[in-house]
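Here is the structure we will look at.
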Amino acid sequence: MDIGSVIRQQKFTDTYQKCVINLFYTANFFRDSHLSVFKAYDIQGQHFNILRILRGKHPDAVTPGYIKDVMLDKGRDVTRLIDKLIAMGWVERQVCPQNRRKMDITITPAGLKITEEISEKLQDHDSDMQNLSDEEYQTLSHLLDKMRG
């Protein structure tokens, strides 16, 4: 369904504005659709994003600054998000042995396991929303990269 019909707006300043509105609407659609999966684990999408970042760097440690730099949603308090993951036993924080002013963040074996479990549930959840071909997804991803410059 066309974004104009979805949001009940037919006039847009130009095609760029219509596209950006569609991007925001679609991003929020997917974010909201994942809430039920995250709620089952008592986390938010930002927690899962941190777990994925740590899994991608495993077994190496990363700093909170690195996490903030590569997070999808940069507007969150990374320290509080990490604190919750530590309390859940999925993440560890230690003082860096080479630089005592720096904190090292790593994912635990339990964190690796839960990240895989959540990833599988998200993949199952999203399976009915995958309406494009691999080539179309590749083209869309390329166009989004190009929009950001």
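The values are calculated or read from the model by the stated rules, or taken from the named source; none is laboratory data. Here the structure is a predicted model, which is why all the values come from computation and not from measurement. FYI the Cβ positions are ideal-geometry reconstructions off the backbone, even for glycines, and counts take in every protein chain you see. Only protein heavy atoms, including side chains, enter the accessible area calculation; ligands, DNA and RNA are left aside. Shrake-Rupley method; radii C 1.70, N 1.55, O 1.52, S 1.80 Å.
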- Task: Could you grab the Rg to Rh ratio for the chain? Cα atoms only, Kirkwood for Rh.
- Result: 1.04
- Extension length gain for residue 5 and residue 106 (0.36 nm per residue less Cα distance), in nm, is 31.8 nm
- Among the aspartates and glutamates, select those whose C-alpha is under 15 Å from the C-alpha of residue 18, and discard any that sit fewer than 8 residues away in the same chain. 2
- Note on the structure: Karplus-derived 3J(HN,Hα) from phi for region 77-94 (6.51 cos²θ - 1.76 cosθ + 1.60, θ = phi - 60°), whole Hz, x at Gly and Pro, runs 7, 4, 4, 5, 4, 5, 4, 5, 5, 5, 4, 7, x, 9, 9, 10, 10, 9
- Taking amide H positions as placed 1.01 Å from N in the peptide plane, with prolines and chain starts having none, which residues 5 or more places from residue 103, or on another chain, fall under 5 Å of its amide H? 96
- The answer for the net charge of residues other than residue 73 whose Cβ lies under 14 angstrom from its Cβ, with Lys and Arg +1 and Asp and Glu -1, is +3
- Would you give the gap between the C-alpha center of region 91-114 and the C-alpha center of region 1-75, rounded to a whole Å? 25 Å
- Note on the structure: For region 66-127, dividing by residue count, accessible area per residue (probe 1.4 Å) in Å² works out to 65 Å²
- Largest-first ordering by accessible area, 1.4 Å probe, given options 125, 34, 142, 47: 142, 125, 34, 47
- Task: State the Kirkwood hydrodynamic radius of region 66-123 in Å, one decimal place, computed from all pairs of distinct Cα atoms.
- Result: 12.7 Å
- Query: At a 1.4 Å probe radius, carbon and sulfur cover how many percent of the accessible area of the chain?
  - Reply: 52 percent
